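The values are calculated or read from the model by the stated rules, or taken from the named source; none is laboratory data. Remember, it's a predicted structure, so these values are computed and weren't measured experimentally. Glycine gets a Cβ as well: all are built from the backbone with ideal geometry, and neighbour counts include every protein chain shown. SASA here: full protein model, heavy atoms, side chains in, ligands and nucleic acids out. Shrake-Rupley method; radii C 1.70, N 1.55, O 1.52, S 1.80 Å.
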Amino acid sequence: MMFSNKVTSIGQSPIREFAPIQEKRTKEGVHVYQLNIGQPDIVTPKEFFSAVKNFDENILSYTNSRGIPELLEAFEEYYSQIGTNIHKEDMIVTNGGSEAILFSFLTLCNEGDEIIVLEPYYTNYNIFATQAGINMVSITTKPEDNFRLPCKEEIKKHISDKTKAFCITNPSNPTGRVYTREEIRLLCDIAKENNMFIIVDEVYREFVYDGNFISFSTIKDMEERVIIIDSISKRFSACGARIGLLASKNKEFMSHVLKLAQARLCAPYIDQVGAAAVLKNTSKEYINNVIKEYKKRRDTIYSRLKKIKGIQVKKPAGAFYLIAKLPVENAHEFSKWLLEKYTLNNETVMLCPASEFYSTKELGVDEVRIAYVLKSEDLIKAVEILDKGLLEYQKETQNCKDLSTNKNKATVILKKQEQYAI
């Protein structure tokens, strides 16, 4: 059977690749600390479930392709509270933030056009780009520079006549980087000079622990060029609801996006009802407590990772991820070994190899992305398992190298003996 080049060129998700191994280990009675995926363990606000339970319609009908009025109004109120100039006529509700990104790519780009990303970047951008038939062009940011943007001249080297937009996550998944006002201004200036858009995934907007978050939507001279991606998934620990948002002040862009939204009819009605309630009625105390909890988790895991010999890690300022460089040659092989073959007190850890977050093949090979989405007590146990697992893995690896070296020496000696015998 023949399948499309688009689907056959898509690799397996590095975030979910080890899921079958994890399921097998769990069935065997091993407790697995899952640090591989951004699935919060924070309780979803009760307001969401209350609204769904009290849904009182006789028919579960299609809704407006833009979204139900209650949800659009709730988003408008939310944006007014954070000081942006986004109104309901600037919004389209999507099936998660993922659909919003795909719609943006499809609306801006022809086949063969280019989107610039900052590597390491959210790996699913690759899948959306393949679906849209476009090319991802990566600008490398480095751990030793705390993933700061390079200079203007370096960024401009990656722009061609096919470049349509920057696509970034702020705060960043997978690095936890929160971009400064100077970095945001730099990207805005380059976009204006080169007639580009900026697609900004701001789903982690609230989760900033050091410094201040600045939304691209607040940059007045960029309103026509900025496309905001949003979601309730992380903010309200409602990943399964699949309610996202695409917003832009560019009316022509939004009119084209609406065509795509109409083709898939609408986002789920019930989930929109729950999302409207959670946006309108969830207390600020809930969000403040969640931010405090993630900051505690960030500080917990960072302080303990820093104590492990050979691990290099920068303190993330936002989101709930970090990139850690491990003292191994191949983090993918180590992560698989740790999950599949190692336990401490009948427990192990599931990590996400970081190489797939880079386009440049030689980068990220010895790195992992860690999602600190578990409570601090679990993170402490997970880091202990990682520490002792690294020591055991290094011993095994060294023994294998020694065995290989001895075999090679024995082979050389045997060949010499055969030569003398002749």
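In the context of the full set of protein chains, the chain has a per residue accessible area of 48 Å² (1.4 Å probe). Rg and Dmax, both from the Cα atoms of the range 184-276 and both in Å, are 15.1, 43. With no solvent and one point on each alpha carbon, what is the Debye value of log10 I(q)/I(0) for the range 8-62 at q = 0.23, 0.26 Å⁻¹? Listed by q, the Debye log ratios stand at -0.92, -1.06. Counting only DSSP beta bridges whose two residues both lie in the range 153-249, roughly 30 percent are antiparallel. Here the chain is treated with +1 on each Lys and Arg Cβ and -1 on each Asp and Glu Cβ, and its dipole about the Cα centre works out to around 1140 debye. Summed over qualifying helices (DSSP H, 4 residues or more, each -39500 (n - 2.57)) and divided by its residue number, the chain shows a 222 nm mean residue ellipticity of -13500 deg cm²/dmol. Here the Karplus curve 6.51 cos²θ - 1.76 cosθ + 1.60, taken at θ = phi - 60°, turns the phi angles of the range 227-236 into couplings of 10, 9, 9, 9, 6, 8, 4, 8, 4, 10 Hz, with x standing for Gly and Pro. Highest mobility in the GNM of the chain, judged by mean-square fluctuation with C-alpha springs under 10 Å and restricted to 98, 160, 359, is found for 160. In order along the range 83-93, the Karplus-derived 3J(HN,Hα) couplings, from 6.51 cos²θ - 1.76 cosθ + 1.60 at θ = phi - 60°, round to x, 9, 10, 9, 10, 4, 6, 9, 10, 9, 6 Hz, and Gly and Pro are given as x. For the range 59-217, lysine pairs separated by 8 or more sequence positions, or belonging to different chains, with Cα-Cα distances below 21 Å total 11. Sites counted here are trypsin sites (Lys or Arg not before Pro) in a DSSP loop (not H, G, I, E or B) having no more than 16 other Cβ atoms within 10 Å; the longest part of the chain that contains none of them is 17-147.
Taking a ≥ b ≥ c as the square roots of the eigenvalues of the Cα gyration tensor, an a/c ratio of 1.5 or more together with a/b no larger than b/c marks the range 289-392 as oblate. For the range 1-78 versus the range 171-241, the spacing of their alpha-carbon centroids is 22 Å. Entry note: the chain has Rg to Rh equal to 1.03, where both radii use alpha-carbon atoms and Rh is the Kirkwood radius. Return the carbon/sulfur percentage of the accessible area of the chain, one whole number, probe 1.4 Å, all protein chains in place. Heavy-atom surface of the chain belonging to carbon and sulfur, 1.4 Å probe: 50 percent.
Using a/c under 1.5 as the rounded threshold, could you call the range 139-230 rounded, prolate or oblate? The axes a ≥ b ≥ c are square roots of the C-alpha gyration tensor eigenvalues, and prolate needs a/b larger than b/c, oblate otherwise. Because a/c hits 1.5 or more and a/b fails to exceed b/c, the range 139-230 counts as oblate.
Name the longest site-free stretch of the chain, where the excluded sites are GluC sites (Glu not before Pro) in a DSSP loop with no more than 13 other beta-carbon atoms within 10 Å. Counting only loop sites that pass the neighbour cut-off, the longest clear stretch is 112-223. Based on the alpha-carbon gyration tensor of the range 1-141 and its eigenvalue square roots a ≥ b ≥ c, which shape applies: rounded if a/c is under 1.5, prolate if not and a/b is larger than b/c, or oblate? Oblate.
Helix 376-421 and the longest principal axis of the C-alpha atoms of the chain enclose an angle of approximately 40°.
In this structure the amide hydrogen of residue 114, modeled in the peptide plane, comes within under 5 Å of the amide hydrogens of 135, 163, 164, none closer than 5 places in sequence on its chain.
Its relative contact order, with pairs defined as Cα atoms under 8 Å and 6+ residues apart, puts the chain at 23 percent.
Scanning residues 5 or more positions from residue 94 or on other chains, those with amide H under 5 Å from its amide H are 244, 245, 246, with H placed 1.01 Å from N in the peptide plane.
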